[in-house]
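To start, the structure itself, in structure tokens.
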Amino acid sequence: MPDFSALVPETHQNISPGYVETLLQTRREELFTGLMRLSHLSGESLIFTFLQGMQQKLYRCLENSTEVIPRHTWFDAFNHSNASVGFLRLPVEALRFTRVAYEAPVIRMETSAFTPEGLKDVAGKWAVGPDPGIVYVQGAKVNRFYLIAGNSSPLIEELSFVEGEARFSIGDASFAQTLPKDNYHVVRYVSNREHEVWREYELRLAFNPLIRMLVNRFGELAGRALTERLCEQLSLWAREEGWNITITSNGAVNHHYFDSLESAIRVYSDLFRRFRQEASPAIGSRMVDGIGREILMKLEPYGRELLTQYIYSQYGVGGVPGVAKR
């Protein structure tokens with residue numbers, strides 16, 4: 001996948017391992033969220049990701065490959081002299097974007113030249129196609145990356161780099177309309193949907209409409225006051241667990257960073273379980289399971305498959321094809 005390191009501005013050059021550790025400590029103390037790049041004359045770049053001062057992942061980026069470095073070997077990885085270092089602040093949404101970019105495998109690369117009109121047409125095809133990927137669009141004044149999950153997902157994430165700063169936004173397949181008139185070099189990194197980093201990304205996309213529809217259906221049965229109380233209880237419980245997720249009648253406002261599919265499954269499953277517990281006193285457990293089955297069948301097929309496999313199956317919510325206790 002693409003390496004953002006070339007777009008991270010250098011702030012320190014030819015520094016010692018001891019000074020690298022000083023910079024790491026400074027980032028921890030200031031609760032830094034973003035990327036730290038260490039580059040060497042050999043052409044190797046190391047990318048640390050930080051979330052609120054906590055080091056999350058370390059990636060080794062070479063010319064044509066990227067690998068995740070195991071945590072127990074981190075010290076050995078950056079214990080080299082004459083490194084150059086740069087930092088790039090990111091919102092958590094962009095940090096999640098970079099995790100996909102650095103960890104998702106590349107099946108093939110497709111390189112083309114497009115005008116904005118031509119890119120708009122092909123992006124629409126990518127958005128409904130079966131293969132996920134990341135698209136790099138480069139022009140005279142443009143460096144933008146787009147995360148396109150495919151499978152008719154309505155959301156396309158954009159990460160753009162302007163004057164040493166990163167900007168994150170969410171749009172749709174018409175994103176090319178925002179590009180200035182120009183000819184663009186476009187690289188599409190086609191990936192494998194079965195990889196766990198894509199499954200985690202798509203599970204998050206599927207969980208939001210699930211919660212939104214569950215809460216709204218509960219509101220139809222229990223009324224506005226109990227629905228507001230339910231959302232407050234779920235949100236408070238999530239905060240107490242240390243999850244940056246808020247539940248509203250519009251769904252889950254999810255600013256949490258997951259470093260694995262397993263951790264995401266655990267959190268979403270616990271939120272689903274908590275919804276069932278909190279909703280049951282008002283409308284009964286049988287009704288709660290009933291609306292759970294009802295809502296699941298209203299979701300788009302791929303989201304339904306993910307939720308069935310990773311969440312519903314844990315609770316044996318019967319009556320839905322393919323859903324059973326594990």
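The values are calculated or read from the model by the stated rules, or taken from the named source; none is laboratory data. This structure is a prediction, so every number in the text was calculated from the model and none was measured. Note that each Cβ is placed from the backbone with ideal geometry, even for glycine, and that neighbours are counted across all protein chains shown. Accessible surface is based on the protein model in full, side chains and every heavy atom, while ligands, DNA and RNA are left aside. Shrake-Rupley method; radii C 1.70, N 1.55, O 1.52, S 1.80 Å.
Conditions (1) β-branched (V, I, T); (2) open to solvent by 70 Å² or more (accessible area, probe 1.4 Å); (3) closer than 13 Å to F97 by Cβ, marked per residue:
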{"residue": "G150", "(1), (2), (3)": "no, no, no"}
{"residue": "N183", "(1), (2), (3)": "no, yes, no"}
{"residue": "V186", "(1), (2), (3)": "yes, no, no"}
{"residue": "W198", "(1), (2), (3)": "no, no, yes"}
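What do you reckon, is L46 among the aliphatic types (A, V, I, L, M) and more than 30 Å from M109 (Cβ to Cβ)? Spell out how you get there, then give the answer.
Values: among the aliphatic types (A, V, I, L, M): yes; more than 30 Å from M109 (Cβ to Cβ): no.
The answer is no for L46.
Only one of E158, E202, E194 is free of Cβ contacts under 8 Å to residues at least 40 places away in the same chain and under 23 Å from V68 (Cβ atoms); which? Please lay out each step first, then the result.
On the way: E158 fails: under 23 Å from V68 (Cβ atoms); E202 fails: free of Cβ contacts under 8 Å to residues at least 40 places away in the same chain.
Checking each option against the conditions leaves just E194.
Could you please find all residues in the stretch 27-67 being farther than 19 Å from A94 by Cβ and either small (G, A, S) or open to solvent by 50 Å² or more (accessible area, probe 1.4 Å) (or both)?
R28, E29, S39, L41, S42, G43, R60, L62, E63, N64, S65, E67
Looking at the stretch 111-137 only, could you name the residues that are more than 16 Å from P180 (Cα to Cα), buried (at least 16 other Cβ atoms within 10 Å of the Cβ) and of a type in the set (D, E, K, R)?
Selection gives D131 alone.
Would you point out the residue of the stretch 81-95, among those that are of a type outside the set (A, V, I, L, M, F, W, C) and in a strand (DSSP E or B), that is most open to solvent (accessible area, probe 1.4 Å)? Walk me through how you get there before you give the answer.
As a first pass, look at the stretch 81-95 and keep what is of a type outside the set (A, V, I, L, M, F, W, C): 81-82, 84, 86, 89, 91, 93.
Those still in the list that are in a strand (DSSP E or B) too: 84, 86, 89.
Working: S84: 18, G86: 0, R89: 142 Å².
For the stretch 81-95, the residue satisfying everything is R89.
Among the residues that make up the stretch 96-106, is at least one of them touching a Pro at 6+ places or on another chain (Cβ under 7 Å) and not in a strand (DSSP E or B)?
Yes; the residues of the stretch 96-106 include at least one that is touching a Pro at 6+ places or on another chain (Cβ under 7 Å) and not in a strand (DSSP E or B).
Hey, any hits in the stretch 212-224 for a residue that's closer than 24 Å to V128 by Cβ, open to solvent by 10 Å² or more (accessible area, probe 1.4 Å) and under 25 Å from the mean Cα position of the chain (by Cα)?
Filtering the stretch 212-224 down to residues closer than 24 Å to V128 by Cβ leaves 212-213.
From what's left, open to solvent by 10 Å² or more (accessible area, probe 1.4 Å): 212-213.
Applying the additional criterion that residues be under 25 Å from the mean Cα position of the chain (by Cα) yields 212-213.
Yes, the conditions are met somewhere in the stretch 212-224.
I want to confirm something. Restricting to the stretch 232-242 and keeping residues that are more than 15 Å from A279 (Cβ to Cβ) and surrounded by fewer than 18 Cβ atoms within 10 Å (Cβ to Cβ), which single residue is nearest to the chain's Cα centre (by Cα)?
Let us first name the residues in the stretch 232-242 that are more than 15 Å from A279 (Cβ to Cβ), namely 236, 238-242.
Retained after the next criterion (residues that are surrounded by fewer than 18 Cβ atoms within 10 Å (Cβ to Cβ)): 236, 239-242.
Working: L236: 23, R239: 20, E240: 22, E241: 20, G242: 18 Å.
Result: G242.
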